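Rule-based calculations on the coordinates, nothing more; no lab input. Keep in mind that this is a model prediction, so the values were computed, not measured. Neighbour counts run over all protein chains shown; Cβ positions are idealised from the backbone, glycine included.
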Amino acid sequence: MRFDIPEQKKLVHEMLMPIRWGDMDAMGHVNNTLYFRYMEVIRIEWLHGVGGPPDMNGEGFVIVNAFCNFIRQLEYPGELLAKQYVANPGRSSFDTFVTLERSDQPGVLYASGGATTVWLNIPQGKTVPLPDWLRKIVE
């Protein structure tokens, strides 16, 4: 099954990251689990950049699902161009989407994926409405 990234989305962040030798597996390509790590890295960098690192005594975010479409095999050496998008803001959640390309092959997708991000009161473990500053960014 393949999950599609919606056409209605907002680009909020781009970053470059290296494909490391240690990312490779015995099959000679980047291990599938690393694609999720790449998506995590850009999501966390973006959230920290906009002022959203979790406050363990207050509010923050959790991921309630994640998916990845493996389109082409990534191999070392190389550099990734990751693009982070947001869409579908709700009361306490929004969707994040990521595309992964090689920087030496712009526009050629190697993977796409996403996750649903939920804002919550961390000590209580309960969802709360998105803060106004974050809602303005994701709408």
Revision key, fill the gap. Given Cβ charges of +1 for Lys and Arg and -1 for Asp and Glu, the option among ASN57, ILE44, GLY22 whose Cα lies farthest towards the positive end of the dipole of the chain is ASN57
Practice item. Under a 10 Å cutoff between Cα atoms, tell me which one of MET56, MET39, MET15 has the largest fluctuation in the Gaussian network model of the chain. Key: MET56
**Study point:** Cleavage-rule hits, GluC sites (Glu not before Pro), region 1-55, DSSP coil, Cβ neighbours within 10 Å at most 15
**Key:** GLU7
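Can you tell me the dipole magnitude for region 10-138 around its Cα centre, using point charges on the Cβ only (Lys, Arg +1; Asp, Glu -1), in Debye to the nearest 20?
The dipole magnitude comes to about 400 debye.
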**Study point:** Reach of LYS83 by Cα under 22 Å, taken over lysines that are not fewer than 8 positions away in the same chain
**Key:** LYS9, LYS10, LYS136
Check your understanding: Any idea which of GLN105, ASN32, GLN84 is furthest toward the positive side of the dipole for the chain, if Lys and Arg beta-carbons carry +1 and Asp and Glu beta-carbons -1?
Key -> GLN84
Check your understanding: For the Cα atoms of the chain, what angle does the longest principal axis make with the long axis of helix 32-49, in degrees from 0 to 90, nearest 10?
Key -> 40 degrees
Practice item. Please give the FRET efficiency for LYS136 paired with LEU16, using the beta carbon to beta carbon distance and R0 = 41 Å, rounded to the nearest 0.05. Key: 0.95
**Study point:** Amide hydrogen neighbours beyond the local backbone of ILE19, cut-off 5 Å, H modeled
**Key:** GLY78, GLU79, LEU80
